[in-house]
Amino acid sequence: MTNRTLRRETHRAQAVDRSMFGMRAVVVVTLACALVTSASGQQLGVDTATVMERSGAETGNYQTSGSVELGVQITGVGGSTAMYDTLVNLQTGPRVLEQSLSMRSLNHEGLVFDRLNMYSFGYGGNPNQVTRFNLSKDKWYDFAMTYRYDQNVWDYNILANPLNPVNPVEIIANSPHMMETRRNMQDYDLTLFPISRFRVRLGFDWNKNQGPSYSSFHSGTDAGLTQQFSASTATYRFGFDYRLFKNTSISYDQSFVSSKNNTWWIDQNQYWNLSNGTLVDIGLPYNPSANQPCAKPFINGAYNATCSGYSSYERSGPVRSFFPTEKISMQSHDIKHLDLSASFAYSSGYSEINNFNELFSGLITGSNKLQTNTSGPSKVNRVLTDGEVGGTYHFTEKLSLSDTFRWWSSRQPGYWDSVNSSCFPNSSAASLLSGVGVFNSPGVTPAICLNGSGLPIHASGSPADLSFTGYYRYQNLNFKFNTTTLNYNFNSRVGGYIGFRYSDQQSHTNDNLGVTDASTNYFYPNKANRGGTCTQKLPDGTCVIVTPFADAADYYAVNNYSGLFGVWARPMESLRINGDIELMSAGGANGVLFTRMEPRNLQLYRVRARYKPRNWIVVSGTLNWQENRNSGPDTDGSIKADNRGHDRFFGFDVSLNPTAKLAFDAGYSYNNVYSATNVCVNLGTNSTPADPCYADGSGKNTFGNWRYQNTVNTTYFNLILRPTRWIALAGGLNLVDSTGQDPIYLPTSDNFTVSNPRQPPGSLDSLYWRPTGSVAVSFKRNWEAKGAYDYFDYNERGFQGPIPARDFHGNVGTVSVKYVF
């Protein structure tokens, strides 16, 4: 039966078809959902011409088409598996590499829907899994859903790694800040009456990221922590659009964002024995010559109890946030020659921690502390307004004037009421084996160190036994921007614009509205005067010190002035060129900007071109060139920032499709980033009073110039051949070549110093390349066999130990069968 006859018979039996539609739709959707839940991986390589030309089939009054691709992925890795998982993370296993389904009503009279589209990839083991689903019926609704599941591995072992000298004690092969989390993302959007004058929009977004990870904590030594990461955000959205007039519409949006962060930390690295058999964590850094964790860590095979160490450490502080936002916007083109747009948003919410708790047990030699406990609530409120008004007036078809004004304002008051208690040894020889001393002044709560005996023995550097601190902070940001442009099109071939942008940015910080921050510290005997002059002396010898610290309000006011210039040209139908220039100058109150790297003078040049001399030839190129300077003072006024930097990018792409049998595309990009900024750095040696940084670090800091420079060359090409309708071949190469360094230059010489001479350049000086190849053969109508090979090779130049090299090479082979219907 021909398609024409089938369609005639379908309309003749319309009533029967509609009665059967429900069952057919259920069967098709059930099959599609089954494919979705088992799908895995992105589409593999290329398809043959026979598969590309699939037309589908008619099911009832629906045109239906789809595909499913099943396969097996085999991987082999040499070198650093941690780095392979960080950059690639493709593993061996069966896969369903691609799934798709499309149903379109032939007469737009579907009982439940007129269009259904579904596509998915990545299920079954690949690190990225995605499903997209769309269901709609003309005039009534449009529903869209996206589901994404990502496996995120970050095991880059030069991050937060102390890079210890070669030793048999602390061997750190993996990153102490490694993360291996799973992110679940869902988005749902429903539009009711999508083409009517009044349209309603509903939505829900869910984002959860959780899994094992690691962190570290510095006090006495650097303890390695297990970080159980768990963070989620739910967003509820509602809105509507109403067309007031023919070309004027108004929109309203309301959203509610609720976030939870239940991440907690615990030290589980107690592997080293004290003389009595107790296990402790000696910390990540191990360099006895630099007194890390001490000069003589082991005595007779046992860890030296007089060195810093952790018997236990736990920290938790669940964060709860809630931010509702309202937004109203308008667009209008009903007034002759005038286009108008405006929007205004208001948000008022909070973020709070009601039960922060931090517990430490061990020894911190510098302060003599054996135990600490810190707790207390914290809360920050945020009120945000954001608005924009813009318009364009068309004097003639060639001449128009545009102006846009935007403002952004936020108020963020917050507080933290903390209680900190410390316990000290009951003997003068403080060690990890010492008992805890007890002393509590009558009437002072809470009572602390109740599990001890004897009196606490303090060192001259010991902090308060009990401390109450109330921090009250306030930040107010007010930003205003106005952009005006005059546009003129000389003819159909050439046009351009000239404009001016002005911004007024103000920041008020630590403006506490008359509230005075204060800390009340109780220094118990002995050495009760170690904290300084007592505000009050209790009868039992306790020294009470009340320290108000009403921070002076920091105020920054920065103005930016930018000249804008642009031109577009179409000298021939096949060539289009656009160019933009921005020249910016900034000034701040007392000559200070927000940061030392913020540009005081900026030049930005952008050029984009596209050339299409034939229908099968496309050449495009992009140039982005930015130069910036900040020769003014640093934010605290101690040194001159003298920041100089640039970001220079150039790239082009070529695409050739001369016949259906041949397709080729290639590209190249160059990106060079440079930044040089004056800094104060502590090199572990005393500086002189003549050093600009002398007062900034009690004579320890030295003035230097920190320079970051990185050049990245990226190249790619892809070739597709279809010698017959039944065979398709593809091959390609992607290459990323990165070179760079970030030394600190001292003013006394042109030699540079690095805080750790064993620090490798890492990916800053690396080569990463990936050749690929694939083949597809159509062996039967609607059936196709496919194979692909990917090679990954990553190499860091200039590597030096002692940590294992991060170089790797990976082979990934995939075979599959694809069916199209």
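The values are calculated or read from the model by the stated rules, or taken from the named source; none is laboratory data. Quick caveat, the model's predicted, so the values are computed rather than measured. Here the Cβ is made from the backbone with ideal geometry for all residues, glycine too, and neighbour counts use every protein chain on show. Protein only, heavy atoms only, side chains kept; ligands, DNA and RNA dropped before computing areas. Shrake-Rupley method; radii C 1.70, N 1.55, O 1.52, S 1.80 Å.
Could you list, in sequence order, all residues of the range 142-163 that are within 17 Å of Ala82 (Cβ to Cβ) and either open to solvent by less than 50 Å² (accessible area, probe 1.4 Å) or part of a strand (DSSP E or B) (or both)? Listed by number, the residues that qualify are Gln151, Asn152, Val153, Trp154, Asp155, Tyr156, Asn157, Ile158, Ala160, Asn161, Leu163.
Results for (1) under 24 Å from Thr372 (Cα atoms); (2) open to solvent by less than 40 Å² (accessible area, probe 1.4 Å), shown as yes or no for each residue.
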| position | (1), (2) |
| --- | --- |
| Gly443 | yes, no |
| Ala447 | yes, no |
| Pro456 | yes, yes |
| Tyr488 | no, no |
| Asn491 | no, no |
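Do we have Ile639 as in contact with a Cys (Cβ under 8 Å, 6 or more places away or on another chain) and in contact (Cβ under 8 Å) with a residue 24 or more places away in the chain here? Spelling it out, Ile639 is indeed in contact with a Cys (Cβ under 8 Å, 6 or more places away or on another chain) and in contact (Cβ under 8 Å) with a residue 24 or more places away in the chain. Of the strands (runs of 3 or more DSSP E) contained entirely in the range 185-291, those carrying at least 3 residues that are over 27 Å from the mean Cα position of the chain (by Cα) fall at 198-219, 221-245, 248-261.
Number of residues in the range 387-402 that are charged (D, E, K, R) and either under 21 Å from Thr325 (Cβ atoms) or surrounded by 16 or more Cβ atoms within 10 Å (Cβ to Cβ) (or both): the value is 1.
Only residues that are under 30 Å from Asn300 (Cα atoms) and open to solvent by 50 Å² or more (accessible area, probe 1.4 Å) were counted in the range 246-273, giving 4. Number of residues in the range 413-440 that are closer than 25 Å to Gln505 by Cβ and open to solvent by 60 Å² or more (accessible area, probe 1.4 Å) equals 0. If you check Thr622, Thr635, Thr685, Thr677 for being hydroxyl-bearing (Ser, Thr, Tyr), in a strand (DSSP E or B) and open to solvent by 30 Å² or more (accessible area, probe 1.4 Å), only one passes: Thr622. With respect to Thr37, determine if the residue is assigned to a helix (DSSP H, G or I), modelled with pLDDT under 90 and under 30 Å from the mean Cα position of the chain (by Cα). Spelling it out, Thr37 is indeed assigned to a helix (DSSP H, G or I), modelled with pLDDT under 90 and under 30 Å from the mean Cα position of the chain (by Cα).
Pairs meeting the criteria (first residue in the range 430-442 and among the aromatic types (Phe, Trp, Tyr), second residue assigned to a loop (DSSP other than H, G, I, E, B), beta carbons under 7 Å, at least 6 apart or on different chains) are Phe439/Leu455; Phe439/Pro456; Phe439/Tyr524; Phe439/Pro525.
Taken together, the residues in the range 101-130 that are more than 30 Å from Asp85 (Cα to Cα), open to solvent by less than 30 Å² (accessible area, probe 1.4 Å), part of a strand (DSSP E or B) and not hydrophobic (A, V, I, L, M, F, W, C) amount to 1. Applying the condition of being surrounded by 15 or more Cβ atoms within 10 Å (Cβ to Cβ) and not charged (D, E, K, R) to the range 598-607 and asking which residue is nearest to Gly651 (Cα to Cα) yields Val607. For the range 782-821, the candidate set comprises residues that are among the charged types (D, E, K, R) and more than 30 Å from Glu170 (Cβ to Cβ); within that set, the residue that is surrounded by the fewest Cβ atoms within 10 Å (Cβ to Cβ) is Asp793.
I'd like the full set of residues that are out of contact with any Lys or Arg (no Cβ under 7 Å at 6 or more places or on another chain), among the polar types (S, T, N, Q) and more than 21 Å from Asp150 (Cα to Cα), limited to the range 69-104. Residue satisfying the conditions is Ser102 alone.
When the residues of the range 43-79 are filtered to those that are under 40 Å from the mean Cα position of the chain (by Cα) and among the charged types (D, E, K, R), the one that is nearest to Phe113 (Cα to Cα) is Glu69.
For (1) more than 20 Å from Gly632 (Cβ to Cβ); (2) modelled with pLDDT of 85 or more; (3) more than 32 Å from the chain's Cα centre (by Cα); (4) not hydrophobic (A, V, I, L, M, F, W, C), each residue gets a yes or a no:
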| position | (1), (2), (3), (4) |
| --- | --- |
| Ala666 | yes, yes, no, no |
| Ser669 | yes, yes, no, yes |
| Tyr674 | no, yes, no, yes |
| Val679 | no, yes, no, no |
| Leu683 | yes, no, no, no |
| Ser687 | yes, no, yes, yes |
| Asp696 | no, no, yes, yes |
| Gly699 | yes, no, yes, yes |
| Asn705 | no, yes, no, yes |
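Scanning the range 81-96 for residues that are touching an Asp or Glu at 6+ places or on another chain (Cβ under 8 Å), assigned to a strand (DSSP E or B) and open to solvent by 20 Å² or more (accessible area, probe 1.4 Å) turns up nothing.
Considered as a group, the residues in the range 541-558 that are open to solvent by 40 Å² or more (accessible area, probe 1.4 Å) and farther than 30 Å from Pro463 by Cβ include one that is nearest to the chain's Cα centre (by Cα), and that residue is Tyr556.
Among (1) open to solvent by 30 Å² or more (accessible area, probe 1.4 Å); (2) within 30 Å of Asn247 (Cβ to Cβ); (3) of a type in the set (D, E, K, R), which single condition is Glu180 missing? Condition (2) is where Glu180 drops out. Each residue in the range 359-376 was checked for being open to solvent by 30 Å² or more (accessible area, probe 1.4 Å), closer than 26 Å to Trp416 by Cβ and at pLDDT below 95, and 1 pass. For the criterion of being open to solvent by 30 Å² or more (accessible area, probe 1.4 Å), β-branched (Val, Ile, Thr) and free of Cβ contacts under 8 Å to residues at least 24 places away in the same chain, Thr535 passes.
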